[in-house]
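Heads up, the thing below is written out as structure tokens.
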Protein chains: 4
Amino acid sequence: MGNPRDECPGRGQDRSASGPREDNTASVSDRLMSAATRLFAERGYERTSVREIVQAAGVTKGAMYHYFASKDDLLFAVYERVLAMQMRRLEEFASDEGPIAERLREAAADVVRTTVENLEDTVIFQRSLHMLSPERQNEVRKERRSYHERFREMIEEGQHSGVFRTDIPADIVVTQYFGAVHHLGMWYRPDGELSGAAVGDHFAHLLLNGLRP
Amino acid sequence: MGNPRDECPGRGQDRSASGPREDNTASVSDRLMSAATRLFAERGYERTSVREIVQAAGVTKGAMYHYFASKDDLLFAVYERVLAMQMRRLEEFASDEGPIAERLREAAADVVRTTVENLEDTVIFQRSLHMLSPERQNEVRKERRSYHERFREMIEEGQHSGVFRTDIPADIVVTQYFGAVHHLGMWYRPDGELSGAAVGDHFAHLLLNGLRP
Amino acid sequence: MGNPRDECPGRGQDRSASGPREDNTASVSDRLMSAATRLFAERGYERTSVREIVQAAGVTKGAMYHYFASKDDLLFAVYERVLAMQMRRLEEFASDEGPIAERLREAAADVVRTTVENLEDTVIFQRSLHMLSPERQNEVRKERRSYHERFREMIEEGQHSGVFRTDIPADIVVTQYFGAVHHLGMWYRPDGELSGAAVGDHFAHLLLNGLRP
Amino acid sequence: MGNPRDECPGRGQDRSASGPREDNTASVSDRLMSAATRLFAERGYERTSVREIVQAAGVTKGAMYHYFASKDDLLFAVYERVLAMQMRRLEEFASDEGPIAERLREAAADVVRTTVENLEDTVIFQRSLHMLSPERQNEVRKERRSYHERFREMIEEGQHSGVFRTDIPADIVVTQYFGAVHHLGMWYRPDGELSGAAVGDHFAHLLLNGLRP
DNA sequence: GATGAATGAGGTTTCATTCAT
DNA sequence: AATGAATGAAACCTCATTCAT
């Protein structure tokens with residue numbers, strides 16, 4: 001931009017002369033993670049080059065490889081951040097007081113709200129899992145599974161106490177619900193007519209209805 | 001030495017000496033489409049090189065570029081085939097006779113069965129949309145939308161006739177349901193304990209329950 | 001050279017504008033092999049970049065990777081050419097008529113002459129074996145061993161027939177002799193005062209003397 | 001995340017958490033030299049990164065650059081150590097009492113034994129000379145030459161006194177012999193059936209035989 | 001003496017595509 | 001209709017070294 005040399009890889013500074021988009025006061029690795037998150041969501045992991053990431057983060061390639069072993073490693077770091085955040089939120093709702101139906105409704109609505117608020121993460125999550133190494137895919141799946149299980153426990157609690165119907169396996173309910181949630185990244189647009197909270201309420205409503213005996 | 005290295009994978013002759021995996025009697029473009037479908041589902045669009053596709057299909061690169069303008073074009077062809085097939089199935093169920101609740105239940109269960117039977121297509125569908133050119137993404141989205149609309153009409157029909165509740169927008173119901181369906185590719189394993197039909201029944205059951213007034 | 005862009009990798013043509021040094025009528029892979037041989041001998045395998053090789057050969061990087069799977073592969077091709085040539089020469093002398101002492105003397109002198117005439121190959125041979133993959137190192141060592149064995153047979157023939165002394169294992173004699181031969185690349189200079197033939201005569205003389213009973 | 005990735009090999013801390021292989025009580029520069037010697041011999045100078053060396057030595061990069069100006073400098077230090085040691089050994093034998101044939105025989109056998117005992121040094125010596133700067137290559141060659149000359153003097157002494165034949169230039173004899181010695185690193189294996197002393201005896205025997213008038 | 005984050009240049013390789021035959 | 005050699009751009013990553021602390 002403004003300089004024909006910008007596109008010549010390996011020539012001169014890695015850091016583009018024209019200002020990077022990420023906050024220069026944040027730590028190098030934070031800047032990298034947020035630049036990567038934005039770009040991965042925007043055009044996909046493979047379509048995003050390391051050069052673009054470091055340019056957007058305003059750091060050099062060398063610096064990036066100082067903090068992350070590979071591009072793959074950076075993607076994994078994004079996954080871990082999202083997973084940790086989601087688990088934290090779920091725990092809060094799940095451990096609340098109150099009747100199980102209410103706790104489930106609120107957790108279900110919240111997971112939609114959170115997803116919508118972090119839509120970029122969700123898009124990446126769905127689209128790029130297969131770009132991780134098999135080992136890391138497994139790691140992500142494992143964490144994801146334990147997340148689902150926390151949710152399933154709530155449903156089973158309701159089934160045991162008789163407020164939820166029992167003729168549908170809790171597992172199926174969970175995967176169905178999270179399928180819908182993960183899919184939000186494919187169609188939800190923040191500038192559309194429905195707020196995240198509204199979608200969350202509807203989704204939760206539908207879920208609870210479905211579980212009525 | 002002195003000649004293209006025949007023994008080196010993918011160098012020299014495109015066509016591998018050891019037999020390719022696709023049926024040699026099928027037409028060249030069919031062989032390409034099925035090799036591409038398999039590989040795209042297996043390792044993703046971007047991780048699959050044109051060389052691998054033509055090798056698996058047992059044709060040469062030149063032949064591929066004779067039938068498809070580009071790699072992108074091949075992906076689009078896969079999308080079109082899937083979309084056409086899904087629309088055809090839905091039409092069949094939607095235009096059946098019988099009470100709307102039954103027609104919806106059967107269509108909903110069928111879409112799961114079909115999805116499970118063509119899991120590779122589903123995986124690609126979800127994962128690789130962003131690799132198409134923006135124009136083609138729009139084209140796919142448009143076809144997809146009209147598919148959803150056909151489904152939505154059934155729900156609205158039930159709402160108008162009073163068999164489904166009306167406090168949840170039909171749109172939301174549709175996206176929630178298809179979100180779950182598309183997500184099947186991420187977790188369903190044909191060798192697991194649940195058959196596609198069983199999952200379809202549960203999903204449809206849950207959907208219908210949720211719609212009860 | 002003459003153009004500041006020459007050093008900007010990945011920009012414009014791979015093929016340098018300034019004329020390449022290799023004969024433009026030879027086949028691409030021959031041009032690559034001779035450019036590589038010269039450069040590997042001059043500055044070593046690792047100090048030679050693929051860019052330099054293709055530039056010297058007057059071809060593009062892509063073309064090189066069309067014929068050779070990797071830089072390593074190119075080095076291996078050089079090894080194979082040298083090994084084949086040496087074996088051919090040795091066979092000629094070994095299968096001659098005449099008394100064994102004479103046949104050995106001539107083969108021994110010839111191997112020096114040939115080595116000196118292909119000093120670049122020898123330098124590479126000695127210096128860069130460890131840059132091949134372990135499998136290929138083994139392949140080279142195996143061929144090399146069978147070469148040595150052919151030579152050893154001649155010595156044993158002389159030992160059995162009583163013209164050579166038997167108190168030194170033929171193996172030791174061979175490794176000692178070839179050690180000296182391989183080492184030529186480290187000190188022999190074509191513009192020095194000794195011709196290759198002269199060195200060969202001396203070496204052979206010393207060898208035969210050492211074997212006198 | 002957010003910090004240099006400690007768990008990633010070579011990223012973050014240079015010093016590996018799991019113990020390095022070199023003796024922790026030795027001086028920093030000794031540890032570096034012995035780690036470097038081992039690694040250079042194992043995989044070659046160019047395949048060995050500074051990171052690997054400091055990791056193996058259990059020190060940080062900064063520390064290395066405190067003691068050695070560059071990687072090249074470290075290699076040169078290895079060369080100097082070897083050269084000094086070899087010269088010291090040769091002097092001992094050359095200045096012994098006794099008939100020249102005996103002194104030569106013992107020196108010749110000893111140089112083989114020493115070489116075999118320090119095989120790593122020999123491997124590096126042969127393989128990596130071309131990685132030094134031209135000035136340092138010359139320095140090494142000069143020292144090496146003076147070493148050869150000390151050896152040659154012994155041969156000439158024997159030629160003048162009539163115990164060695166004179167129809168082969170002493171120079172040729174020396175280069176032939178040391179060629180064989182340097183080559184030991186390419187084939188000698190400590191776990192083979194021949195001891196270093198045995199090889200030394202055979203080599204010396206062959207040399208002396210060759211020199212008989 | 002010692003650290004380790006950061007640099008910046010360069011490395012090898014891959015790949016979709018073209019085109020003369 | 002089909003070939004396969006050749007292209008050229010860009011990709012990811014490594015590495016010796018420096019320097020503020």
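What list do you get for A:VAL116, A:VAL50 if you sort them by fewest beta carbons within 10 Å?
Working: A:VAL116 22, A:VAL50 16.
The most exposed by this proxy come first: A:VAL50, A:VAL116.
Roughly how many debye, to the nearest 20, is the charge dipole of chain A about its Cα centre, given +1 on each Lys and Arg Cβ, -1 on each Asp and Glu Cβ, and no other charges?
720
By a straight-distance test (C-alpha under 13 Å), which aspartates and glutamates pair with B:LYS142 as possible cross-link partners, with residues fewer than eight away in the same chain excluded?
Filter leaves B:GLU80.
What does the charge count near A:ARG113 come to, summing +1 for each Lys or Arg and -1 for each Asp or Glu among other residues with Cβ under 12 Å from its Cβ? Mind showing how you got there, number by number?
Numbers: positive: A:ARG89; negative: A:GLU106, A:ASP110, A:GLU117, A:ASP201.
Net charge around A:ARG113: -3.
Counting only other chains, what is the mean number of Cβ atoms within 10 angstrom of the Cβ of each residue in peptide D:200-211? Kindly include the intermediate steps, with their values, before the conclusion.
Values: counts 0, 2, 8, 6, 0, 5, 12, 3, 1, 9, 8, 3.
Mean partner shielding for this stretch: 5.
Quick one: order D:THR122, D:THR114 by neighbouring beta-carbon count within 10 Å, fewest to most. Can you show the working numbers first?
On the way: D:THR122 23, D:THR114 20.
With the sparsest Cβ surroundings first, the list reads D:THR114, D:THR122.
In debye to the nearest 20, how big a dipole does segment D:139-213 give about its Cα centre with +1 on each Lys and Arg Cβ and -1 on each Asp and Glu Cβ? Don't skip to the end; give the middle numbers.
On the way: 9 positive and 11 negative charges, 30 e Å.
Charge dipole of segment D:139-213: 140 debye, to the nearest 20.
Mind checking the dipole of the protein assembly as shown: about its Cα centre, +1 per Lys or Arg Cβ, -1 per Asp or Glu Cβ, Debye to the nearest 20?
On the way: 112 positive and 136 negative charges, 243 e Å.
Dipole size: approximately 1160 debye.
If you take every residue apart from C:GLY196 with its C-beta less than 9 Å away from the C-beta of C:GLY196, what net charge results, scoring Lys and Arg +1 and Asp and Glu -1?
Numbers: positive: C:ARG113; negative: C:GLU117.
My count for the surroundings of C:GLY196 gives 0.
Placing a label point 7 Å from Cα toward Cβ, how far apart in nm is A:GLY62 from its equivalents in the other copies, listed shortest first to one decimal?
Taking the point 7 Å beyond Cα along Cα→Cβ, the inter-copy spacings are 1.7, 3.2, 4.8 nm.
Give me the Kirkwood hydrodynamic radius of the protein assembly as shown, using the inverse of the mean 1/r over all pairs of distinct Cα atoms, in Å to one decimal.
On the way: mean 1/r = 0.0300 Å⁻¹.
Value: 33.3 Å, from the Cα pair sum.
Select from chain C the helices, each a whole stretch of DSSP H, whose alpha-carbon atoms run 20 Å or more along the helix axis and whose Kyte-Doolittle mean is at least -0.5; answer none if there are none.
Working: long enough: C:28-43 (22 Å, -0.06); C:71-94 (35 Å, -0.05); C:100-117 (25 Å, -0.04); C:134-160 (37 Å, -2.33); C:170-187 (26 Å, 0.67); C:196-211 (22 Å, 0.81).
Sorted by number, the helices that extend far enough and score high enough are C:28-43, C:71-94, C:100-117, C:170-187, C:196-211.
Rounded to a whole number, what is D in µm²/s for segment B:44-133 from Stokes-Einstein with the Kirkwood radius over alpha-carbon pairs (10 °C, 1.306 mPa s)? Before the final figure, lay out the partial values.
Values: Rh = 15.2 Å.
D, rounded to a whole number, is 105 µm²/s.
Give me D:HIS160, B:HIS148 ranked fewest to most by other Cβ atoms within 10 Å of their Cβ, as a rough exposure proxy.
Details: D:HIS160 11, B:HIS148 18.
Fewest-to-most Cβ neighbours within 10 Å comes out as D:HIS160, B:HIS148.
B:VAL163 label points, 7 Å along Cα→Cβ, one per copy: pairwise distances from this copy to the rest in nm, shortest first?
3.1, 10.8, 11.7
Just want to confirm a number: the relative contact order over segment B:39-145, from Cα pairs under 8 angstrom separated by 6+ residues, in percent.
Relative contact order comes out at 36 percent.
Which Cα, out of B:ALA107, B:PHE125, B:HIS202, lies furthest along the positive dipole direction of segment B:85-213 (beta carbon charges, K/R +1, D/E -1)?
Looking along the dipole axis, the top candidate is B:PHE125.
Using the Cβ atoms and a cut-off under 12 Å, what net charge is assigned to the surroundings of D:VAL163, where Lys and Arg are +1 and Asp and Glu are -1?
On the way: positive: D:ARG103, D:ARG105, D:ARG165, D:ARG212; negative: D:GLU102, D:GLU156, D:GLU157.
It works out to a net charge of +1.
Which value in deg cm²/dmol, rounded to the nearest 500, describes the helix-derived mean residue ellipticity at 222 nm for chain D, given -39,500 (n - 2.57) per DSSP H run of n ≥ 4 and division by the residue count?
Numbers: 9 runs with 144 residues, N = 213.
Helix-only estimate at 222 nm: -22500 deg cm²/dmol.
Given Cα pairs under 8 Å that are at least 6 residues apart, what percent is the relative contact order of chain C?
Details: 200 pairs, mean separation 47.0, N = 213.
Relative contact order here is 22 percent.
Every read-out reported here was derived from the displayed coordinates using simple, explicitly stated rules and does not represent laboratory data. Everything numeric in this text was worked out from a predicted model, so none of it was measured. Don't worry about glycine lacking a Cβ; one is built from the backbone with ideal geometry, like all the others, and counts go over all protein chains shown.
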